[in-house]
Amino acid sequence: MEIIERKENPVLDRVELTFQWNHSGEATPSLSQMRDAAAKAEPGADKQLVFVKNVNTRFGMSRTSGMALVYGTLESASIEPDYVIERHKSLNENESKQKKKVEEKETEDPEPEPEEAEPEGDA
């Protein structure tokens, strides 16, 4: 992901990132991939407060452009329309479900301790 423009908006307590993603030979990036990349591009950003909007991929081209809005607080992010919040909320729920599955798997299947080889004897 390449950040084309970074604009701070202190009135709305957010940073507006205009990005372009060249993905030749790969599938169009998913919303969660774009959100993760935008969160990494902005130091100290909370993934749950990043909203990706205005995504556009031109037919026949392997370039996606869009805008990511990185909010400072949950309260300031409440100005986003309900449908955008719901769309991103489902991403957060999917991530938490995946983390729970991984944690459950780790607790269910603890790594077996290596068995010590018994010495062979002439009994």
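Entry note, the stretch 2-105: relative contact order of 27 percent, from Cα contacts under 8 Å with a spacing of 6+ residues.
Between amide H atoms placed 1.01 Å from N, distances below 5 Å from residue 63 occur with 23, 58, all of them 5 or more places distant or on a separate chain. P(r) for the stretch 2-105, from all Cα pairs and a bin width of 10 Å, is 14, 44, 31, 10, 1 %, short bins first. A simple rule links phi to the HN-Hα coupling: the Karplus curve 6.51 cos²θ - 1.76 cosθ + 1.60 with θ = phi - 60°, which for the stretch 78-83 gives 5, 6, 5, x, 4, 5 Hz, with x for Gly and Pro.
Mind giving me the FRET efficiency for residue 93 and residue 12? R0 is 22 Å, r the Cβ-Cβ distance, nearest 0.05 is fine. Walk me through the intermediate numbers first.
Numbers: r = 25 Å, r/R0 = 1.16.
Efficiency, rounded to the nearest 0.05: 0.30.
Annotation for residue 56 and residue 31: the two label points, set 7 Å from Cα along the Cα-Cβ direction, are 2.0 nm apart. Just to verify a number: FRET efficiency for residue 2 and residue 85, C-beta to C-beta distance, R0 = 30 Å, to 0.05? It comes out at approximately 0.65.
Kindly put 24, 78, 32 in sequence by how many other C-beta atoms sit within 10 Å of each C-beta, fewest to most. Intermediate results must be reported in sequence, preceding the final value.
Working: 24 7, 78 10, 32 16.
Listed from fewest to most nearby Cβ atoms, that is 24, 78, 32.
Across the stretch 19-36, rounded Karplus estimates of 3J(HN,Hα) from the backbone phi angles (6.51 cos²θ - 1.76 cosθ + 1.60, θ = phi - 60°) give 10, 9, 10, 8, 10, 5, x, 10, 6, 4, x, 7, 4, 5, 5, 5, 5, 4 Hz, Gly and Pro being marked x.
Laboratory data are not the source of any read-out in this text; all were calculated from the coordinates shown. No experiment lies behind these values; they were computed from the predicted model shown. Positions of Cβ are generated from backbone atoms using ideal geometry, with glycine treated the same way; all protein chains shown enter the neighbour counts.
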